[in-house]
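The values are calculated or read from the model by the stated rules, or taken from the named source; none is laboratory data. On a predicted model such as this, the values are computed, not experimentally measured, just so you know. All Cβ positions, even for glycine, are placed from backbone atoms using ideal geometry, and neighbour counts span all protein chains on display.
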Amino acid sequence: MLQNVNLKRKLTRDEYKRLLPDWQQRVFGLEKACWDNGVSAVVVVEGWDGAGKGAAIAALTQRMDPRGFKLYPITKPSPEERRRPWLWRFWMKVPDRGDLVIFNHSWYYRVLDARVEQETSEVEWQQGYRDIIEFERMLADSGVVIIKLFLHIGKKDQKKRLRAIERDPLESWRVTPADWERHRRYDEYLAAMEDMLELTESEHAPWTVVEATSRWHARRRVFETIIAALEAKLGALAPPSEVAHQRAERELDLRVASELLDESKLEQDDEANGDEE
């Protein structure tokens, strides 16, 4: 599946900046409509190290009302969590009525990292598929919208991105030896990811594979997938898209004006300080 994904799809940065206000305003309006109508949603963001999961989530939530969503970054289970049924820590994070919950990594840790790194036995991670399917089915039967995104990049691109992050003094802390070890085992993770996507695909919790070589294209796919899923769930309760577009146009005008003011102020400061090009 992943080997057949077209990773050459692109979107220019200028086009992304032009479209972003529309997407953000639409998500904000849908978030409020979900809150008003008691519609809950879960967004699962999985993918490779360096694929841009955190940046996509940041763009998604930048204009959202923080009262209406929660973000959970998922790592290895704690000693306390290991003493409980493995899905317990995720049941504790399911959304209240009207809330939207975003998972940066999720219960799929069980059948990815834990499987490849042999933190669980084969019997346990095989059982994990059945547990996940039942878990998501129970959420869907309770009316929760489940949106699952997988950000995909190639091995060469991942290496290039990890090296670029390491060269940045402010960002280098993000790359750890464990990241490089996972990169070395790219093919093992690829096999586990293929199984994960195939065995946990369902009508009520479908996967969207996001082509993430172009970060701007990846974010467009993230926004469009979430918007489409929430609109489908809300139906006639979804706010008119024209309202979001009008607000986005006003916001874009304000952004342009702000950038022009910033540039003008820099020029005045340069002149005052006697700076020359």
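Scanning the stretch 14-28 for residues that are surrounded by fewer than 21 Cβ atoms within 10 Å (Cβ to Cβ) and either over 17 Å from the mean Cα position of the chain (by Cα) or not assigned by TED's automatic domain parsing to the domain that holds Ile227 (or both) yields Asp14, Glu15, Lys17, Arg18, Leu19, Asp22. Restricted to the stretch 157-202, and to residues there that are over 20 Å from the mean Cα position of the chain (by Cα) and assigned to a loop (DSSP other than H, G, I, E, B), the residue that is nearest to Asp49 (Cα to Cα) is Thr176.
Scan the stretch 41-52 and give yes if some residue there is of a type outside the set (S, T, N, Q) and out of contact with any helix residue (DSSP H, G or I) (no Cβ under 8 Å at 6 or more places or on another chain), otherwise no. Before the answer, list the steps.
Start the filter on the stretch 41-52 by keeping residues that are of a type outside the set (S, T, N, Q), which leaves 41-52.
Filter once more, keeping what is out of contact with any helix residue (DSSP H, G or I) (no Cβ under 8 Å at 6 or more places or on another chain): none.
Scanning the stretch 41-52 turns up no residue that is of a type outside the set (S, T, N, Q) and out of contact with any helix residue (DSSP H, G or I) (no Cβ under 8 Å at 6 or more places or on another chain).
Among the residues of the stretch 38-69, just one is within 30 Å of Arg184 (Cβ to Cβ) and free of Cβ contacts under 8 Å to residues at least 40 places away in the same chain, namely Ala58.
The set of residues from the stretch 38-69 being under 22 Å from His204 (Cα atoms) and exposed (fewer than 14 other Cβ atoms within 10 Å of the Cβ) comprises just one member, Gly38. Does the stretch 70-83 contain at least one residue that is charged (D, E, K, R), touching a residue at least 24 places away in the same chain (Cβ under 8 Å) and crowded, with 20+ Cβ neighbours inside 10 Å? No: the stretch 70-83 contains no residue that is charged (D, E, K, R), touching a residue at least 24 places away in the same chain (Cβ under 8 Å) and crowded, with 20+ Cβ neighbours inside 10 Å. Across the stretch 65-90, the qualifying residues are those that are in contact with a strand residue (DSSP E or B) (Cβ under 8 Å, 6 or more places away or on another chain) and among the aliphatic types (A, V, I, L, M), and the one among them that is farthest from Ala164 (Cα to Cα) is Leu71. Return the pair list, or none, for Cβ contacts closer than 6 Å from residues in the stretch 8-37 that are at pLDDT 95 or above to residues that are of a type in the set (Val, Ile, Thr) and assigned to a helix (DSSP H, G or I), at least 6 apart or on different chains. Here the result reads Arg26/Ile227, each pair linking the stretch 8-37 to a residue that is of a type in the set (Val, Ile, Thr) and assigned to a helix (DSSP H, G or I).
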